[in-house]
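Reviewing the structure listed below.
The values are calculated or read from the model by the stated rules, or taken from the named source; none is laboratory data. Nothing here was measured: the structure is a model prediction, and the numbers come from that model. Glycine also receives a Cβ, built like all others from the backbone with ideal geometry; neighbour counts cover every protein chain displayed.
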Amino acid sequence: MDVEAFENFVNEQIPEVLFDSKDAPQMENITVLAKKWGKIRVRAKDNAYFYLVPVQIHVEKNVAVTNVKADCIIILGMKTQFLIGENWELKTKTEIEKYEWKEKPVAKVGIIPLPVESIILDNLMGNKDLITGSIDRQIQEKINFSRIINENINRIPNPVLPPFGGKIWWRLSPGQTYMDPLRMDQGRIKFNLGLKTDAELFIAENFDKQPLQINPPEVIAELDKLSQLHVKSEISLADLNSMVNAQVLNKEFAAAGQKLMVKELKVSSENGALVVQGETKGGFSGDAYLKAIPAFDNTTKELFVKDVKLKLNGSDFLSKGIAMVLQNKAGDMIEKGLRYSLKEVVGKLNEEMNSIEIHPGIFLRTHVTDYTLTNFEIGTDKVLFSVLIEGVLALQIKQLNLPEGIIT
């Protein structure tokens, strides 16, 4: 969070009148009015905000037959601790930790100086709960964290559109969130927020998307800066069939020195393996039956197939000859040649998620640094697999501009 953005927000929320003796019935013989004066400066440490609040104070006191007046400016060093309770309820505790005179009060009755400084301090510190209480009420009444978090988390793109076509949808359960203490770093207030949850990816054309709710965080000493996401994923064979056909149907390919075109293609499953049946024309005309198991090369970041079994049935003399030649070699050729790199997909994802404004002045930045696919399982109507993602997720607040409805 940019410090300047938070300073502007704090300056807007802290009331102009910090203390008025009219609200303190015990102060019968003195009038004290304390107002915010100038801009508040903010720092952060250990889940608390520290700020210097310049306060202009006007004092009037009847002394004998004279009404004595004095004005001064004092800098109050204040600390507000932030705690987030159930349902993202914001709880704050503000304290006055120190003070420093910028302009000391001076008052005299004739030539006799009055101890106005001690009178002001005694009354100000004796009623400091009125000042800190008004700040706590103002902040707690203004901010609805539940709506800020849960409404904006659902503005993250869903689905993501990969370059190979189709749509990748995601779903998270509420899980448990964690955060570490606030800290200052190069003009920004920073903290790490962690999420432990069940995540799922669905590669499908249509998907019943449900709103995501994030549970309030538990504060812990330190979180890893690198995020890990273990995702259960699935793609239906019907959607996989559509995606594969969109990539290869009626397109010309080179294979074993021959040019061929796929006329028809069908993806199905058989005994825990993927089956692709197709009809081709061109250099090889006939039917092809391919049975294989999907796998992932973690070094090259490529999807490929292994344990390949291929049957070719040529429809003319030349194609039958090609089928005989390729029958025993095609498996190795396919395992080496039929590979699909995910680098472009992840690169596009990083571009799309580099800076997303999920709320005016609030930006989500995501960068995937590593990924792997494991545990492929071929069912009767879908392919199941796991995705392990490592990366960095950051939320940058450049401006706290909370709309009506989020400010209650």
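Using the structure shown, decide if residue 239 is part of a helix (DSSP H, G or I) and surrounded by 13 or more Cβ atoms within 10 Å (Cβ to Cβ). Considered against the rule, which asks whether it is part of a helix (DSSP H, G or I) and surrounded by 13 or more Cβ atoms within 10 Å (Cβ to Cβ), residue 239 comes out as yes.
Would you confirm whether or not the stretch 359-376 contains a residue that is assigned by TED's automatic domain parsing to the domain that holds residue 240, modelled with pLDDT under 75 and exposed (fewer than 14 other Cβ atoms within 10 Å of the Cβ)?
Yes, some residue in the stretch 359-376 is assigned by TED's automatic domain parsing to the domain that holds residue 240, modelled with pLDDT under 75 and exposed (fewer than 14 other Cβ atoms within 10 Å of the Cβ).
Could you tell me whether residue 306 is closer than 22 Å to residue 247 by Cβ, touching a helix residue (DSSP H, G or I) at 6+ places or on another chain (Cβ under 7 Å), assigned by TED's automatic domain parsing to the domain that holds residue 237 and not aliphatic (A, V, I, L, M)? Criteria met by residue 306. Scanning the stretch 62-90 for residues being within 30 Å of residue 177 (Cα to Cα) and modelled with pLDDT under 75 gives a total of 9. Note on the stretch 305-333: residues that are acidic (Asp, Glu), within 46 Å of the chain's Cα centre (by Cα) and at pLDDT 85 or above amount to 1.
When the stretch 1-17 is filtered for residues that are outside any helix (DSSP H, G or I), at pLDDT 75 or above and not aliphatic (A, V, I, L, M), the ones remaining, listed by number, are 15, 16. Residues that are over 25 Å from residue 382 (Cβ atoms) number at least 1 in the following strands (runs of 3 or more DSSP E) confined to the stretch 246-358: 252-255, 258-270, 273-282, 286-297, 302-314.
Kindly provide the set of residues from the stretch 91-110 that are at pLDDT 70 or above and either at positive phi or not in a strand (DSSP E or B) (or both), ordered by number.
Of everything in the stretch 91-110, those that are at pLDDT 70 or above and either at positive phi or not in a strand (DSSP E or B) (or both) turn out to be 104, 105, 106, 107.
When we screen 180, 208, 198 for residues that are modelled with pLDDT of 70 or more and either surrounded by 15 or more Cβ atoms within 10 Å (Cβ to Cβ) or not assigned by TED's automatic domain parsing to the domain that holds residue 392 (or both), the only hit is 180. Among the residues of the stretch 23-50, those identified as modelled with pLDDT under 80 and of a type in the set (D, E, K, R) are 23, 28, 43, 45, 46.
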